[in-house]
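Everything below concerns the one structure shown next.
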Amino acid sequence: MAEAFPEILAGFAGRRIAVVGDAILDRYLIGESERLSREAPVPVLELQEHRQILGGAANPAANLAQWSAEVSFVTAIGADETGNTLLQLLEEKGIPHSACITLPQRSTAEKTRILARSGLRSPQQLARLDRGARRQTLAAEEEAQLCDAIHQLPKLDALLCSDYGGGVLSARILEAVREKAKVDSALLTSDAQARLANYQGFDLVKCNAAEAAAELARTLQSADDFSSAVQELRQRLACGALVITRGAAGATLAAGPSSAEHIAAPAVTDVYDTVGAGDTTIAVLTLALVCGATPPEAVHLANIAGGIVVRHFGNYTPTLAEICNELAR
């Protein structure tokens with residue numbers, strides 16, 4: 001398997017991928033904790049750092065751009081400061097946003113994490129404030145704008161749906177995605193999260209262990225549990241392949257009518273933050289399959305890349321050099 005990886009990674013550059021989904025701006029407020037407040041039993045933080053990072057569906061787009069793919073990003077944002085910041089960050093990453101529609105009545109989703117830094121320890125998250133991250137239903141004319149944006153995209157190698165439950169990936173938008181994929185003979189992949197039933201017939205669908213358990217309404221613990229779960233979900237969705245990510249336990253893949261394969265994750269002892277690992281995983285899976293990788297090869301590469309992400313704070317986008325170094329180890 002390993003001998004194929006350099007060629008697969010070398011093929012990432014120039015691939016035309018569209019990411020469709022819910023954009024989120026991730027903010028990090030990081031401060032030094034030195035004392036407790038006299039007003040309440042909470043630490044007082046001296047603000048040291050304010051980070052703003054592409055989140056939600058914008059994060060897989062950022063990963064793809066990092067690897068020199070030609071990325072189109074389709075989403076709906078609000079005509080607000082958060083939306084303007086998100087567009088600016090897209091520009092800095094070299095991601096065109098002509099297919100991002102701005103809606104005056106919509107709130108751009110943002111998640112603000114407050115972290116305390118103390119000594120040499122990694123910052124600890126104290127709280128998270130969300131705004132506009134819950135489902136915001138699109139009006140019919142707004143859906144029409146997004147559908148037009150999808151149909152007007154250049155010929156694509158793949159369409160990646162990143163569903164954060166914000167309302168962008170409605171039934172009508174998904175119909176347009178399927179139509180575009182059919183016209184372009186493009187690969188269809190999805191990070192379905194908690195809405196697996198919407199991704200019938202996709203070439204590849206990814207979810208995590210908790211989402212799979214919720215969909216099947218049963219507990220998943222053993223390898224046999226995951227083997228039966230991944231096969232059942234693949235059959236339900238009639239998809240080409242289904243991947244259940246399992247954190248440190250790796251991932252379980254079903255890519256055939258009656259097969260399941262457990263693919264181990266690399267041993268990672270310095271885990272700081274799991275945020276963004278799933279976004280990197282679906283980005284690698286999509287590009288690797290476009291470049292001719294088998295599903296097990298794609299999952300192995302995704303596990304390697306995800307293992308790099310969890311060693312960093314926030315939505316870290318690993319470089320190809322980092323992935324190659326991990327493969328060499």
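The values are calculated or read from the model by the stated rules, or taken from the named source; none is laboratory data. Source: prediction; values computed, not measured. In this analysis, Cβ positions are derived from the backbone assuming ideal geometry, glycine residues included, and neighbour counts consider all displayed protein chains.
Scanning the range 120-162 for residues that are modelled with pLDDT of 95 or more and under 21 Å from Gly314 (Cβ atoms) yields a count of 2.
Flag not set for Gly250, criterion: crowded, with 16+ Cβ neighbours inside 10 Å, within 30 Å of Leu153 (Cβ to Cβ), at pLDDT below 95 and of a type in the set (Gly, Ala, Ser). Screening the range 1-59 for strands (runs of 3 or more DSSP E) wholly inside it with 1 or more residues that are aliphatic (A, V, I, L, M) and within 17 Å of Val284 (Cα to Cα) returns the ranges 16-21.
Every residue, every condition in (1) assigned to a strand (DSSP E or B); (2) not charged (D, E, K, R), yes or no:
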| site | (1), (2) |
| --- | --- |
| Lys180 | no, no |
| Cys207 | yes, yes |
| Ala214 | no, yes |
| Leu220 | no, yes |
| Asp224 | no, no |
| Gln231 | no, yes |
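The residue that is modelled with the lowest pLDDT, among those in the range 312-327 that are at negative phi and out of contact with any helix residue (DSSP H, G or I) (no Cβ under 7 Å at 6 or more places or on another chain), is Phe313. Looking only at residues in the range 254-274 that are in contact with a strand residue (DSSP E or B) (Cβ under 8 Å, 6 or more places away or on another chain) and assigned to a loop (DSSP other than H, G, I, E, B), the one that is modelled with the lowest pLDDT is Ala265. Residues in the range 301-327 that are part of a loop (DSSP other than H, G, I, E, B) and either surrounded by fewer than 20 Cβ atoms within 10 Å (Cβ to Cβ) or touching a residue at least 60 places away in the same chain (Cβ under 8 Å) (or both): Arg311, His312, Phe313, Gly314, Asn315, Thr317, Pro318, Thr319.
For the residues Val243, Val309, the requirement of being among the hydrophobic types (A, V, I, L, M, F, W, C), within 25 Å of Arg16 (Cβ to Cβ) and at pLDDT below 95 singles out Val309.
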